[in-house]
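Just below is one structure, and these are the notes that go with it.
The values are calculated or read from the model by the stated rules, or taken from the named source; none is laboratory data. None of these values were measured; they are calculated from a predicted model. Don't worry about glycine lacking a Cβ; one is built from the backbone with ideal geometry, like all the others, and counts go over all protein chains shown. To get the accessible areas, we keep the full protein, side chains included, count just its heavy atoms, and leave off ligands, DNA and RNA. Shrake-Rupley method; radii C 1.70, N 1.55, O 1.52, S 1.80 Å.
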Amino acid sequence: MEFDAKVEACLVEARQGFNEDCEPTLTEDGTSGAYIIRNSAGAVAVFKPIDEEPFAPNNPRGMKGLFGSETCRAGVKSGESTLREVAAYLIDHNGFSGVPATSLV
């Protein structure tokens, strides 16, 4: 799969943070496991493990369940939010809706 320039830059910055032993930090808000990682230059990337979505097996906020469980949003099952976020970015042509650079890695 080929990445666009925004996604590639974000992946490079996240990789730099991991290589520099910068620790990811769980966000204060939200219902899933969303983590912020910075590199030594201060660049920021956010990543959200699919198995830490609301009502997924490894949710760090106590909202655990099996993949495919009902979530906080009617009609959205655990494990689907990640795919929906990637799809939203892919169909946001020319940044019309301002969806942040998103990729599934």
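Amide H contacts for S32 (H built 1.01 Å from N in the peptide plane; partners 5 or more residues away or on another chain; cut-off under 5 Å): none found.
The long axis of helix 5-19 is offset from the longest Cα principal axis of the chain by roughly 90 degrees.
What ranking, highest mean first, results for peptides 85-96, 38-49 when packing means the other Cβ atoms within 10 Å averaged over each residue?
Working: 85-96: 11.8, 38-49: 14.4.
Taking the mean over residues of other Cβ atoms within 10 Å, the ranking is 38-49, 85-96.
Report which label in (i) 93; (ii) 138; (iii) 122 holds the value of volume of the Cα convex hull per residue in Å³ derived from the coordinates of this structure. For volume of the Cα convex hull per residue in Å³, the calculated option is (iii).
Quote to one decimal, in nm, the extra length available between D29 and N58 on full extension: 0.36 nm per residue of separation minus the C-alpha distance between them. Present the calculation step by step, with values, prior to reporting the outcome.
Values: separation 29, 0.36 × 29 = 10.44 nm, distance 1.69 nm.
8.7 nm is the gain from fully extending D29 to N58.
Stretch K6-L90 to full length: gain in nm at 0.36 nm per residue minus the Cα-Cα span?
Answer, rounded to one decimal: 29.0 nm.
With both bridge residues required to lie in segment 14-104, what share of the DSSP beta bridges run antiparallel, to the nearest 5%? Walk me through the numbers before you get to the answer.
Numbers: 7 of 8 bridges.
Here the share of antiparallel DSSP bridges comes out near 90 percent.
Rolling a 1.4 angstrom probe over the protein heavy atoms, how many square angstrom per residue are accessible across the chain?
Details: 7020 Å² over 105 residues.
For the chain, the per-residue accessible area is 67 Å².
Output the peptides 51-60, 67-76 sorted from most to least packed, where packing is the average of other Cβ atoms within 10 Å over each peptide's residues. It would help to have the intermediate numbers written out before the result.
Values: 51-60: 19.0, 67-76: 12.8.
The densest-packed peptide leads the list: 51-60, 67-76.
With +1 on each Lys and Arg Cβ and -1 on each Asp and Glu Cβ, and nothing else charged, work out how big the dipole of the chain is about its Cα centre, in Debye to the nearest 20.
Working: 9 positive and 16 negative charges, 56 e Å.
Here the size comes out at about 260 debye.
Over the residues of the chain, the helix contribution to mean residue ellipticity at 222 nm works out to -8000 deg cm²/dmol, using -39500 (n - 2.57) for each DSSP H run of at least 4.
Share of carbon and sulfur in the accessible area of the chain stands at 56%, probe radius 1.4 Å.
Between 0 and 90 degrees, the angle of helix 81-91 with respect to the longest Cα principal axis of the chain falls at about 50 degrees. With both labels modelled 7 Å from their Cα along Cα-to-Cβ, the F47 to L66 distance reads 2.9 nm.
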